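Q: Can you read through this structure? Questions will come right after.
The values are calculated or read from the model by the stated rules, or taken from the named source; none is laboratory data. Model, not experiment: these values are computed from the prediction. Cβ sites come from the backbone with ideal geometry, for glycine too, and all protein chains shown count toward neighbours. Protein only, heavy atoms only, side chains kept; ligands, DNA and RNA dropped before computing areas. Shrake-Rupley method; radii C 1.70, N 1.55, O 1.52, S 1.80 Å.
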Amino acid sequence: MNSLTEINARQLLGLLANCFDMIDPRLIGHELRSASYADQLLEAAGIEGENRRDLDCLVFLHDIGAYKTEEIARMIQFETETCWDHAIYGMLFLHHYSPFSTMADAVMFHHSRYDKMLEAGIDRRTAQTASLISFCDRLDIFLTYGHGTLAQFLQRIRRREYAGWFYPALLELAEKADLKSVAAARPDFLFQRERQFPFSSRQIETLLTMLIVVIDFRSRHTVTHTMITASTAVQLGRRCGVSADDQQALKIAGMFHDLGKIGIPLDILENPGRLTPAEMTIMKTHVEKTAAILNGWVSEEICDIALRHHEKLDGSGYPDGLTLQQLTLPQRILAVADIFSALTGERSYKQAYPLERSCQILAEMRDAGQLDPQVVNAVLDDPQGLDALNQQNCREIIDSYQCIQAESQALYGCLTDLTQAESCLNELWQKLKADASTPHSASAMLKEDFL
């Protein structure tokens, strides 16, 4: 089975746009508007083809590392050079998990001044790309938060005190392009570039991996949850005799079932104790947030499988309290797969349960009428085989998570002197790249024998 048959670049870009809108209300539409300004500038510069497509996408993805509320508060100020957390983490994501790894360095410096980047010895092309991101990012912040009009933005950055902030040609391009203010942007211009210069299957697969890890990597307790849920769902689908099409639907639904958790605060996701009723109410909204993300981008069948993974046969689940007669077999399979992944994985409030204890809990839920007996029995028939394949499939993603954590900590650690931040980061990152292996292969994570 081709693991990418029903997933295309248009879907993934649309899903990413919706995910970004879930991070924080203050950032809704910011990524697309910034990328739309970049597209206008690139057109004025006569840049076309795959280069324009990739630069549009890079600007669109520049805040992919932004999760922390306190940092977002700084990001939406017009003048800021202190937002290193999301810039570093976002760069690492794009370096390891995107088709734009060779340009990812620019994301790390997108809050840096152009003249400081050149003084730090940063490659000129990287500095120009970072300045493009910075220009479009600051333009959107300026307009969105009522600092002034487009003309006032251009007038402001001409002032002497802003000399050196941006690549000089950007101001000329903005005037040449007759840059248009974008109150709201849709991802259509990204789709148009992708239709003209389609991503390869390998590049689409890399985007898919990035979409998965950006959710799971939010917390060290959820690193493999999505992968194990999808892997378990497909294996259980095979054991229960569902069709190849249903296995494909289970795979995609398993990958996307927790996308809404990008909108759940980290202090709830990583709460080490029992959630309060109010916190649990917030946690449960991840299902409706997932629905908002998936809406229009996947089939109704896949959407329903993904959104019903917390439903129980006796009506005690959420969000809709559905019962046996209202739940299809694939929906019941994903519910069991999600619980199996949660039980056998570490959580902020518990260690991973041993396989025997996990199976006991599933059997108890089966006997209580909450889970489908056929599906639970499919787990109990060979839990060791199920677990072994899951561990095999997730080994590389665990390694990659640890690699990104080590790289990010090393980069954060060199920020003791913010006046020399660009120089230190550039020097250390070049060394890390030279010492490290190549960016992680998405195909190794989503290989055909996994799904």
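Q: Rounded to the nearest 10 Å², what accessible area does Asp399 have for a 1.4 Å probe in the complete protein model?
A: Surface accessible to solvent at Asp399 totals approximately 80 Å².
Q: Could you give the dipole magnitude of the range 135-222 about its Cα centre, charging the beta-carbon of Lys and Arg +1 and that of Asp and Glu -1, in debye to the nearest 20? Kindly include the intermediate steps, with their values, before the conclusion.
A: On the way: 13 positive and 10 negative charges, 33 e Å.
Charge dipole of the range 135-222: 160 debye, to the nearest 20.
Q: Which percent of the accessible heavy-atom area of the chain goes to carbon and sulfur, probe 1.4 angstrom? Numbers along the way, then the final one.
A: Working: 8950 of 18190 Å².
Carbon and sulfur atoms account for 49 percent of the accessible area of the chain.
Q: Still on this structure: So which aspartates and glutamates can Lys176 reach, going by Cα to Cα under 18 Å and dropping same-chain residues fewer than 8 places off?
A: Partners within reach: Asp39, Glu43, Glu48.
Q: Quick one: what are the phi-derived ³J(HN,Hα) couplings along the range 163-173, Karplus 6.51/-1.76/1.60 with θ = phi - 60°, whole Hz, x for glycine and proline?
A: 4, x, 5, 10, 4, x, 5, 5, 5, 4, 5
Q: If you roll a 1.4 Å probe over the heavy atoms of the protein chains, what accessible area per residue do you get for the chain, in Å²? It would help to have the intermediate numbers written out before the result.
A: Values: 18190 Å² over 451 residues.
Ligands and nucleic acids excluded, the figure is 40 Å² per residue.
Q: Using Cα atoms only, what is the angle between the long axis of helix 225-239 and the major principal axis of the chain, expressed in degrees (0 to 90) to the nearest 10?
A: It is inclined by approximately 40 degrees.
Q: Also, I was wondering about something else. Calculate for the chain the 222 nm mean residue ellipticity that helices alone would give, adding -39,500 (n - 2.57) per DSSP H run of length 4 or more and normalising by residue count, nearest 500 deg cm²/dmol. Please list the in-between numbers first.
A: Values: 24 runs with 280 residues, N = 451.
Result for the chain: -19000 deg cm²/dmol, rounded to the nearest 500.
Q: What longest range of the chain stays clear of loop-exposed trypsin sites (Lys or Arg not before Pro) (DSSP non-H/G/I/E/B, at most 11 other C-beta within 10 angstrom)?
A: Values: sites that count: Arg158, Arg159, Lys180, Arg274.
Between exposed loop sites, the widest span is 275-451.
Q: Short version: ³J(HN,Hα) in whole Hz for each residue of the range 199-214, in order, from phi by Karplus 6.51 cos²θ - 1.76 cosθ + 1.60 (θ = phi - 60°), x for Gly and Pro, what are they?
A: 5, 6, 4, 5, 5, 5, 4, 5, 4, 4, 4, 4, 4, 5, 6, 5
Q: For the range 257-306, count the residues as N, evaluate 2.2 N^0.38 Å, and divide the Cα radius of gyration by that value, please. Display every interim value, and only then the final one.
A: Numbers: Rg = 12.3 Å, N = 50, 2.2 N^0.38 = 9.7 Å.
That works out to 1.27 for the range 257-306.
Q: For Cα pairs less than 8 Å apart in space and 6+ apart in sequence, what is the mean separation divided by the residue count of the chain, i.e. the relative contact order in percent? It would help to have the intermediate numbers written out before the result.
A: On the way: 630 pairs, mean separation 84.4, N = 451.
After rounding, I find 19 percent.
Q: Once label points are set 7 Å from the Cα along Cα→Cβ at both Glu270 and Leu432, what is their separation, rounded to one decimal in nm?
A: Computed distance between label sites Glu270 and Leu432 equals 1.7 nm.
Q: Follow-up question, since we're still on this one. Non-local amide H neighbours of Arg347 (under 5 Å, H modeled in plane, Pro and chain starts lacking H): which ones?
A: When sequence neighbours closer than 5 places are left aside, the close amide H contacts are Ala352.
Q: Express in % the proportion of alpha carbon pairs of the range 294-342 at distances exceeding 18 Å. Spell out each step's value before the answer.
A: Numbers: 293 of 1176 pairs.
Above the 18 Å cut-off, the range 294-342 has 25 percent of its Cα pairs.
Q: Placing +1 on the Cβ of each Lys and Arg and -1 on the Cβ of each Asp and Glu in the chain, which of His86, Cys359, Thr276 has its Cα farthest towards the positive end of the resulting dipole?
A: His86
Q: Now a separate question. Using a simple spin-label model with points 7 Å from Cα along the Cα→Cβ vector, what separation in nm is obtained for Glu50 and Arg124?
A: Placing both labels 7 Å beyond Cα along the Cβ direction yields 2.4 nm.
Q: Along each of the three principal axes of the Cα atoms of the chain, give the extent in whole Å, ordering the values from largest to smallest.
A: 74, 43, 39
Q: On to the next question. Measure off 7 Å from each Cα along the Cα-to-Cβ vector at Leu380 and Gln152, then give the distance between these two points in nanometres to one decimal.
A: 6.9 nm
Q: Also, I was wondering about something else. So what are the ³J(HN,Hα) numbers for the range 20-29, from phi and the Karplus equation (6.51, -1.76, 1.60; θ = phi - 60°), rounded to whole Hz, Gly and Pro as x?
A: Using θ = phi - 60°, the values come out as 4, 5, 8, 4, 6, x, 6, 9, 4, x Hz.
Q: Which entries of Lys261/Lys433; Lys251/Lys312; Lys284/Lys350 have Cα-Cα distances beyond 26 Å here? List each step's numbers first, then the result.
A: Values: Lys261/Lys433 31 Å; Lys251/Lys312 20 Å; Lys284/Lys350 19 Å.
Over 26 Å Cα-Cα: Lys261/Lys433.
Q: Next question, about the same structure. Under 1.5 on a/c is rounded, so check that first for the range 31-180, then, if it is not, pick prolate when a/b is larger than b/c and oblate when it is not; a ≥ b ≥ c are the square roots of the alpha carbon gyration tensor eigenvalues. Show your work: numbers first, answer last.
A: On the way: a/c = 1.37, a/b = 1.13, b/c = 1.21.
Rounded, since a/c falls under 1.5.
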